[in-house]
Structure formats: C-alpha cells, structure tokens
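Input: a single structure, listed below in structure tokens.
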Amino acid sequence: KVHSTSCGSLFKSLLKMGGEESVKLLGVWSSPYSRRVELALKLKGVPFESVEEDLSKKSALLMKCNPVHKKIPVLLHNGKSIVESLIILEYIDETWKGRPLLPQDPYERAKARFWAKFIDDKLMPGVWKTFLSKEEEREENKEEACELLRSLESELKDKKYFGGDDIGYLDIAANVVAFWIQRVESVVGIDLLNQDSFPILCKWIERLYHEIPLMKECLPPKEKHLVYIKTRYEAATATNGNL
Amino acid sequence: MGEKSSVKLYGFWASPFVMRAAVALKIKGIEFEYIEEDLRNKSEQLLQYNPVYKKVPVLVHNGQPIAESLVILEYIDEIWTDPPHLLPKEPYHRAKHRFWAAYFQTAFDLMLKTLKTEGEEQQKALNELLAKLDVAEEGLKEIFPSGAPIFQDGNPGYLGIVFCSFFGNTETMAEFFGTKLLTPERYPLLSSWAAALSQIPAIKEVTPPAPKMLGVLNLVRQNALKSNA
C-alpha cells in the first residue's frame, strides 16, 4: 500500500530539500519513454536529477513511486510521483508554463494527443511485431507497419516538425519512431523506414538530428545502443518474447 | 457567445466509449446531433472522419473530426470552458485522473476476455480482473480520501465518466456474470462510486437498458466462442 506522502518522506530523507523545487527523473538510458521526459524537461529548462534504474533490480524508490506498474519513467516533483511518459509530458507542460509543448488551440491539441496515442497504441506495436515476426508472417506484418507509418507521415505533410516551426509534444512522443526504428532495423536487417518509402518522415528525422541539439543529446549513445539492441533481439527471438 | 456551433457525435448505442462522449456533452449542456452507426456497414462519413481506426465515437465540431474517447473528453473540456469542468485544475490531480483512466482500460480488456472465453481461461481472466479492481480500490483512496463522492452537482468528472462507462452498469454486469462484480465487501469505494454515478441524470439517460445490453453481450460471446472452437 503506497501513498504519495510515504514516497515523499522517503525521498526527503534521502536529499536535503532546503525549500527548493526538486525534480527527479527515474529512467533508463536505453528507453525512448524516459528519453521523452528528459527531452521535455530540458526544453523547458527545468533543472532535474537523473536517476538510472536497473530494471533487473528495481530500486525501493521506484517500487514506492510506481507501485501499480513498477515501470520507468517516473517523474518525482517535490515528492509527488507522476508516471506514464505521455501523462508526464502533459504534467510538465501544465506545471512549467514557459516554452509550451502542446499547441494552444484545442483542436490542434486533440490531434497531437490522438497521434501520440496512435504511436504508442498502434504504430510501435505494429513495428515491433514486424521485427519479431517469423519468416512466413514477416511480409504481411511489414505491409501493415508501412500502412501505419504512412498514416503518421500524412500528419506531418509539409510541416517542418509535427509542432510546426519548432518541435512540440508530438515530436517528443515520436522520438521512438525517429530514432529507435532505424537503429533496430539495422540490427534486425529489415528495411522499413527508408528514404524511398517515407521521404517526408526521413527528412523530419534528419532535421531533428541536425537542427535540434537537445534531441541529439537525449539519445542513447549509438554504438552502445546497437550492442544493447542486438543482445535483446537475440534473447527475444530465442524465447519469442518482447523487444 | 456568437454563432451556434455544429456538434455531431457518431456512435453505437452499446459502446462504452461513445457513452463517454455523450455524457460529457450532456454534462456541459452542449446540444449535439447523434448519428447511430451500423458497425457492420459503416457510413462514408465515419470512414472519412476516422480513417485511421474507422471506429466510433467520432466527435465532429464545426466540421473538424476528433476521434478516441479520452481525446474527445479532453477536447470537450478545453473547448467549452464554462463549468462544470471534467478534469481537475491541478496538474498532479489531472495526471492521477489520466493514469487511472488508462488503468481502467486494462481492467476492461480483461472484462472483454471474460466475455469471450469459457472454462479455465474465463476463470483466469475473471480473477485477473478482480485483482486489478483490488488495485484500483486501493489506489483511488488517494483521489477520494473521504470515500466516494455523492455528486450533488451532477458532474461525474472525467474519471467518473470513464469508470462508469466500463463498470457503472452494475445491473447488466450482475445479470451477465450471475453475480455482483463490485461487491461492497471487497470494493467499498468502487461499489459506492458506481452506485452514485448511476444516479446522475446524464448517465442514466445514456445507459442502455439491461435486457438490450445483455442481448448484445450474449451475441458477442456466442460469436467469440464459435470462432474459438
């Protein structure tokens, strides 16, 4: 049984509060979900402490602050814990008002939320399914994944970023699309998100990488990441599990 | 306020997701046109308005479509800013509401599994569902520290709307499962919350009558069991 106050008092006993605002991010270097939160905090210029979790040996703090799912990322703000990366992004946007992440217009906000949910609920599951397919199911799964990528690409159209002239909530949520897909592709040896099939998405990825320094900063280091992906992929295909 | 806006809701009478949108619009006092879809023969408009999922509900406001019930609820709250408010004002409380709304979805998925399976598989799904509801019973004490609200103002709020769309129709559920799911002994908070929610006029108005609902549930069950065989 956990209440946020017991999480707060554990936290307070670990650090001297001194009346300052305290922001802590429990995450994992390889997770696109904790990288989303990291990016959002950095865009907002919110000072925070990063805590690297070991998912094979979850910390007492993580268990106390996310008792329901026991997952990262967790944002700890003055002892209160907020979980689920997209929920955390909204919390960050509502708490620190400078440099808005979501659009101002309610209809644009609805669209951004719709597409972020689409990425997590439909697109990425379809992509992972393709990467983990058995030989005989691969083409069919790949075609479905392409259909989903095309859908997302249509939302980008002729905009520089999903957020318009600068990155926003949906660009942050789409970090997994922009960087994880191509990295996993290169390990698995399936050609999915390429220039010919998705010129607009690929252009957007290039822009993110070359024009948004913070985006690059919030990526797992490439070589280390590729090794990690390879290890997990081999384990997953051996046991037919999840990436 | 200016010109009257055009609000249409594409739905299906038995869908809990559509129910959410309808309740929210009624709570806010927004007039809307309701279009009942035949899900076996979806209209051109629906497919045009929701090409990604091709599902209901879709809210069309001044010609602009919004899909996904939780997205629709937040849109309704943000575009019609007069009270009653669906989500709380404070960011931490909003995060909690959003968290539990997502959690209820996972419980509902198990409820669907219970509906579509039999024997051991069904029992397993039911046990997992009850366990999830145990977690919710405990976790929601943070949102309702003095017990379930009684809704004197007739506003169930975002989370109340989500919860009752899945678990509010206690009569139907009891009939279907042959037993009360949210027993007061095991779920004092959730059961009293469900009871209070079911009394709210806007919710009463859109709750399908138990016999009609049971008909649909039995149909879904029979089809699922047939295709499992």
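The values are calculated or read from the model by the stated rules, or taken from the named source; none is laboratory data. In this text, all values refer to a predicted model and were calculated from it rather than measured experimentally. Don't worry about glycine lacking a Cβ; one is built from the backbone with ideal geometry, like all the others, and counts go over all protein chains shown. Each accessible area value is taken on the protein alone, full model and side chains, heavy atoms only, with ligands, DNA and RNA left out. Shrake-Rupley method; radii C 1.70, N 1.55, O 1.52, S 1.80 Å.
With a simple spin-label model that places each label point 7 Å from the Cα along the Cα-to-Cβ direction, the separation between A:D121 and B:D38 comes to 2.7 nm.
In summary, the aspartates and glutamates within cross-link reach of A:K134, defined as a Cα separation below 17 angstrom excluding same-chain residues under 8 places away, comprise A:E143, A:E144, A:E185, A:D191, A:E234.
For the stretch B:91-226, the relative contact order is 29 percent, taking Cα pairs closer than 8 Å that sit 6 or more residues apart in sequence and dividing their mean separation by the residue count. Translational diffusion of the stretch A:122-236, estimated by Stokes-Einstein from the Kirkwood radius over alpha carbon pairs at 20 °C in a medium of 1.002 mPa s, is 145 µm² per second. For the stretch B:7-79, the number of Lys pairs with C-alpha atoms closer than 20 Å, counting only pairs eight or more positions apart or on separate chains, is 7. Net charge dipole, chain A: roughly 1080 debye, given to the nearest 20, about the Cα centre with Cβ charges of +1 for Lys and Arg and -1 for Asp and Glu.
Computed over the Cα atoms of the stretch A:19-95, the ratio of the radius of gyration to the Kirkwood radius (Rg/Rh) comes to 0.93. Extent along the principal axes, Cα only, for chain B: 58, 46, 28 Å, with the longest axis given first. A cut-off of 5 Å between modelled amide H atoms, ignoring neighbours fewer than 5 places along the same chain, links A:S50 with A:L25.
Taking the convex hull of the alpha carbon atoms in the protein assembly as shown, what volume per residue do you get, in Å³? Output value, Cα hull per residue: 177 Å³. Sorted largest first, the principal axis extents computed over the alpha-carbon atoms of the stretch B:7-79 equal 31, 23, 19 Å.
Quick one: pull the percentage of alpha-carbon pairs in the stretch B:91-226 with a separation above 24 Å. Working shown, then result.
Values: 2691 of 9180 pairs.
The calculated P(r) of the stretch B:91-226 puts 29 percent of pairs beyond 24 Å.
The stretch B:144-193 and the stretch A:108-129 have Cα centres separated by 30 Å.
Computed with a 1.4 angstrom probe on protein heavy atoms, the B-A interface buries about 2400 square angstrom of accessible area in total. Placing +1 on the Cβ of every Lys and Arg and -1 on the Cβ of every Asp and Glu, with nothing else charged, gives the stretch B:7-79 a dipole about its Cα centre of roughly 180 debye. Listed values for the stretch A:36-47 are Karplus-derived 3J(HN,Hα) couplings in whole Hz (6.51 cos²θ - 1.76 cosθ + 1.60, θ = phi - 60°), namely 4, 5, 4, 4, 4, 5, 5, 4, 7, x, 8, x, and x replaces Gly and Pro. To put it simply, the accessible area of the protein assembly as shown at a 1.4 Å probe is 52 percent carbon and sulfur. For the segment A:84-91, counting C-beta atoms of other chains within 10 Å of every residue's C-beta and taking the mean gives 3. For the peptide B:68-74, the mean number of other protein chain Cβ atoms found within 10 angstrom of a residue's Cβ is 4. Restricting attention to chain B, close to 65% of DSSP beta bridges with both partner residues there are antiparallel. Across the options B:P51, A:Q104, B:A131, the greatest Cα extent toward the positive end of the charge dipole of the protein assembly as shown (unit charges at beta carbon of Lys, Arg, Asp, Glu) belongs to B:A131.
Taking the Cα centre of the stretch A:106-241 as origin, sum charge times position over the Cβ atoms of Lys and Arg (+1) and Asp and Glu (-1), and report the length of that vector in debye to the nearest 20.
Numbers: 21 positive and 25 negative charges, 94 e Å.
Dipole of the stretch A:106-241, to the nearest 20 debye: 440 debye.
The number of Lys pairs in the stretch A:19-95 with C-alpha atoms less than 17 Å apart, excluding pairs fewer than 8 positions apart on the same chain, is 14.
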